[in-house]
Amino acid sequence: MTSDILAEIQNVIDSRKGQNPDTSYVAGLLHKGEDKILKKVIEEAGEVLMASKDGGGGHLVYEVADLWFHTQVLLAHHGLRVEDVIKELARRQGLSGLAEKAARQEN
């Protein structure tokens, strides 16, 4: 179920790529380009940090949802999908975090 809702959101984001940027928030972000999308991701990441420092709870969940959404917009900008991230997480499952990091440094 978790990946289903993320895939559904990704489908909506992908469908907005060619739409009018004046009538679609996502189309507007994509139209403004990578710098605008990156600024939104950074802004949302900062809000996640502040929500955590403020004690977490529902506000943290809300801000993480915003961050995930804007990260999916960034993926769409690069022609990638949330499924690509899920596949990478699945690949890493069962690996030691230290071993995975060492393997990245070797490449």
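The values are calculated or read from the model by the stated rules, or taken from the named source; none is laboratory data. The structure presented is a predicted model; accordingly, all values stated were derived computationally and were not measured. Note that each Cβ is placed from the backbone with ideal geometry, even for glycine, and that neighbours are counted across all protein chains shown.
Scan the range 28-51 and tell me whether some residue there is outside any helix (DSSP H, G or I) and farther than 20 Å from Ser3 by Cα. For the range 28-51, residues outside any helix (DSSP H, G or I) and farther than 20 Å from Ser3 by Cα: present. Candidates Glu43, Glu8: the one that is among the acidic types (Asp, Glu) and closer than 20 Å to Lys87 by Cβ is Glu8. Any residue in the range 11-33 that's among the hydroxyl-bearing types (Ser, Thr, Tyr): show its pairings with residues that are at pLDDT 95 or above at Cβ separation under 7 Å, as long as the two are six or more apart or on different chains. Hits for this filter: Ser24/Arg16.
Each row is one residue, and each column tells you yes or no for (1) hydrophobic (A, V, I, L, M, F, W, C); (2) at pLDDT 95 or above; (3) within 15 Å of the chain's Cα centre (by Cα); (4) surrounded by 14 or more Cβ atoms within 10 Å (Cβ to Cβ).
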position	(1), (2), (3), (4)
Glu8	no, yes, yes, no
Ile13	yes, yes, yes, yes
Asn20	no, yes, no, no
Leu38	yes, yes, yes, no
Glu44	no, yes, yes, yes
Leu49	yes, yes, no, no
Val61	yes, yes, yes, no
Val64	yes, yes, yes, yes
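Filtered by the rule that a residue be touching a helix residue (DSSP H, G or I) at 6+ places or on another chain (Cβ under 7 Å) and closer than 15 Å to Arg16 by Cα, the range 72-107 gives Gln72, Val73, Leu74, Leu75, Ala76, His77, Arg81.
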